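**Student:** Right, I'll just put the structure down here and ask away after.
Taken together, the values in this text are just the output of simple stated rules run on the coordinates, not laboratory data. Note that the structure is predicted; figures quoted are calculated from it, not measured. Please note: Cβ atoms are built from the backbone with ideal geometry, for glycine as well, and neighbour counts cover all protein chains shown.
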Amino acid sequence: MSQGQRFDPIPADPVGTVPTPALVIDLDALDRNIARMAAFVASHGRRLRPHAKTHKSIAIAQRQVAAGAVGVCVQKTSEAIALAGPEKGIDDIYVSNQVIDPRRLEALARLAAHRHVAVAVDSVQGAERLAAASAMHGTRVGAYVEVDVGHGRCGVPPAAAGALARALADRGVPVEGLQAYHGRAQHLRSRTEREAAVQAAAHAVAEARASLAAAEVPCGRVTGGGTGTLAIDAASGVWDELQAGSYVFMDRDYADNDPDPDAPRFEHALFVRAQVVSRASGHAVIDAGHKAYALDSGSPAVWRQPLDVANGGDEHGLLVLQPGADPSALPTLGECVWLVPGHCDPTVNLHDAYVVVRGGLDHGQVEAMWPVDARGALR
């Protein structure tokens, strides 16, 4: 196929020729984010187990592990299988979610023959099914007792953690610790609000620890936390292992939080490149809509330009000038813009591959194409 006929970029292509719409990684920014997180976690004596549901990529997970992460966590069994890979995948994977379907538990038990695998549990039925799957395949899948520390989703009350841990231990399931994640705290805008939420979560963890001690089950480690509460989690002394994930990309919604002076500064590293395909007097139309970026956390931001993105439908976005902006800032037909997704995780799941760019978005060039290995891994 000739150069003029292909749509996928190849290494050494100038960044300005990347076909649109495309999911693009600024590799220099990504590597700086990974290095800053690794240094921060090491300086606080914590373990890092980044959430790979953010990027769904073996290549990115390998970079995180090479920088010091102990492994990754995911939310789905199929994500675990995809990131374990046939050969060069990740060796230590924790499914930080409830898995009840016996077939999926059996898949995790099979995976545990070649990888370290653990899963969150918040019910006796879940404990029984996990034990049965492990026994069927002669492997050991670890368990974290999930405690509801304020998120109001999965998890047992803190006082019930010990009874569940005992149920797991009595069935021969290794209890590796507590899953203590407060997702709602991640997007509270002020540091004061986030700190109050983390303090409440820490009290819940203390109660859960006491419950495990009463049940005579060692607690192991406490895993949880996230990008939004990173510095508060690390300073608390409660979380041994941090599950921050979005720091690698820093989407628009996380950037809307008031900055925490104690946390590292992470850069935007994930973008959707889009082109203006139609132009009117008051708006420009780009070739990226709902199918190119998620809208659950609002519209993407336009990087370094005084423009907002309005809803244009599945295949289109509308660019409009911000109040007071110079009318000449509205792009003309054929121009391209860089969008910072509102929520990186579901945006990634809309694309088959990343276009990886080295040297910046102004003058860089394509270094590689990385598959989104766990795209569509919803089970």
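**Student:** Using Cβ contacts closer than 10 Å as the measure, can you line up Thr223, Thr20, Thr332 from fewest to most?
**Tutor:** Sorted ascending by nearby Cβ count, the order is Thr332, Thr20, Thr223.
**Student:** Show the residues, 5+ positions off or on another chain, whose built amide H is closer than 5 Å to the amide H of Ala22.
**Tutor:** Arg273
**Student:** Return the percentage of antiparallel bridges among DSSP beta bridges fully within the chain, rounded to the nearest 5 %.
**Tutor:** That works out to approximately 50 percent antiparallel.
**Student:** Also: Within a 10 angstrom radius of the beta carbon, how do Arg221, Arg49, Arg115 rank from fewest other beta carbons to most?
**Tutor:** By the 10 Å Cβ count, ascending: Arg221, Arg115, Arg49.
**Student:** If each DSSP helix of 4+ residues adds -39,500 (n - 2.57) and the sum is divided by the residues in the chain, what number results at 222 nm, nearest 500 deg cm²/dmol?
**Tutor:** My calculation for the chain gives -8500 deg cm²/dmol from helical runs alone.
**Student:** Taking θ as phi - 60°, what are the ³J(HN,Hα) couplings along the stretch 85-96 by the Karplus curve (6.51, -1.76, 1.60), each to the nearest whole Hz, with x for Gly and Pro?
**Tutor:** x, x, 9, 9, x, 8, 8, 10, 10, 10, 8, 8
**Student:** Ok, one more. Under the Karplus relation 6.51 cos²θ - 1.76 cosθ + 1.60, θ = phi - 60°, what is the ordered set of whole-Hz ³J(HN,Hα) values for the stretch 245-252, x standing for Gly and Pro?
**Tutor:** x, 6, 4, 5, 10, 6, 6, 4
**Student:** Sticking with this one: For Ala368, enumerate residues with amide H under 5 Å from its amide H, sequence gap 5+ or separate chain, H modeled in the peptide plane.
**Tutor:** Long-range HN contacts for Ala368: Val356.
**Student:** Can you list the HN-Hα couplings for the stretch 235-242, worked out from phi with the Karplus curve (6.51, -1.76, 1.60; θ = phi - 60°), rounded to whole Hz and with x for Gly and Pro?
**Tutor:** 7, 5, x, 8, 8, 7, 9, 9
**Student:** Of all the C-alpha pairs in the stretch 27-250, what % are more than 30 Å from each other?
**Tutor:** Summing the P(r) tail past 30 Å for the stretch 27-250 gives 20 percent.
**Student:** Read through the labelled values (1) 40, 23, 17; (2) 37, 21, 18; (3) 31, 25, 18 and report the label of the one computed as semi-axes √(5λ) of the Cα gyration tensor in Å from the structure.
**Tutor:** (1)
**Student:** Stretched out fully, how many nm does the piece from Gln199 to Gln305 gain, at 0.36 nm a residue minus the Cα gap?
**Tutor:** Gain on stretching Gln199 to Gln305: 34.3 nm.
**Student:** Show the residues, 5+ positions off or on another chain, whose built amide H is closer than 5 Å to the amide H of Val119.
**Tutor:** Under 5 Å from the amide H of Val119 lie the amide H atoms of Val95, Gly142, Ala143, Tyr144, each far enough along the sequence or on another chain.
**Student:** Right, here's the next one. For the stretch 27-250, what's the relative contact order in percent, using C-alpha pairs closer than 8 Å and at least 6 residues apart?
**Tutor:** Answer for the stretch 27-250 is 19 percent.
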